[in-house]
Amino acid sequence: MPSRDVIFEVLRKSVHLVSILIVLIYEFYGKETILWVLMLFLVTVLILEYFRLEQGMKIPFFYMMYREHEADSCGGHIYFALGAIAAISIFSKEIAYAAVLMTTFGDLAAALIGKFYGKKRIFKQVFKNDKSLEGSASEFIIDLLIGLVIVGDPFVALIMAFFATLSETAVNQIDDNLVIPIFSGFFGQMTLFLLMYM
């Protein structure tokens, strides 16, 4: 992978590092505050997307961060905000933390390892994409570590890591910034409920 492409990918993914800020605001100021912060962010970026998509304006700096397929559609940050809002609204604090962090760090690992070291493209037949085994494996490992540290329960962490990785690997047309926090959080929360009542 050319170094310029690596730099571009790191810059794009670094925007999602705000997930750490999301967790910190939630932890210190509560659920209602972080939901309002996320809603303010969502309103702001939707306004910017209106000018970009409807009026054809090039927003300084931001226009360089879009992938080719996002030229005529909403950027991943919109879906990231929606996924984070959904996760924080519905799931327990620890599940929401893990789901949001998996969306950032698992996806970052998959993108960088997959593009830089990915050799085994084994998902073409099943998922109709060229994502690599190395990228998916690195995402799973990072997601599992996040789950173990944040949630604590190894089985819940395993379920969340599995569904986060499956979502990122299998989905082509739906933005993974939306499906990863929702699917990993949903199945993690359901697993937690089942363990509590067994």
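The values are calculated or read from the model by the stated rules, or taken from the named source; none is laboratory data. Since this is a predicted model, take the numbers as computed values, not measurements. No Cβ is skipped: glycine too gets one built from the backbone with ideal geometry, and neighbour counts run over all protein chains shown.
Structure notes:
- Residue tally, condition at pLDDT below 80, of a type in the set (G, A, S) and farther than 15 Å from S19 by Cα, over segment 64-95: 3
- Among the helices (runs of 4 or more DSSP H) confined to segment 96-198, the ones with at least 1 residues that are at pLDDT below 90 and buried (at least 17 other Cβ atoms within 10 Å of the Cβ) are located at 107-117, 133-150, 154-170, 176-196.
- Single residue of segment 35-47 satisfying the filter (surrounded by fewer than 17 Cβ atoms within 10 Å (Cβ to Cβ) and of a type outside the set (V, I, T)) that is farthest from F91 (Cα to Cα): L46
- Residue match in segment 142-160 (condition: of a type in the set (A, V, I, L, M) and either closer than 16 Å to Y117 by Cβ or touching a His at 6+ places or on another chain (Cβ under 9 Å) (or both)): yes
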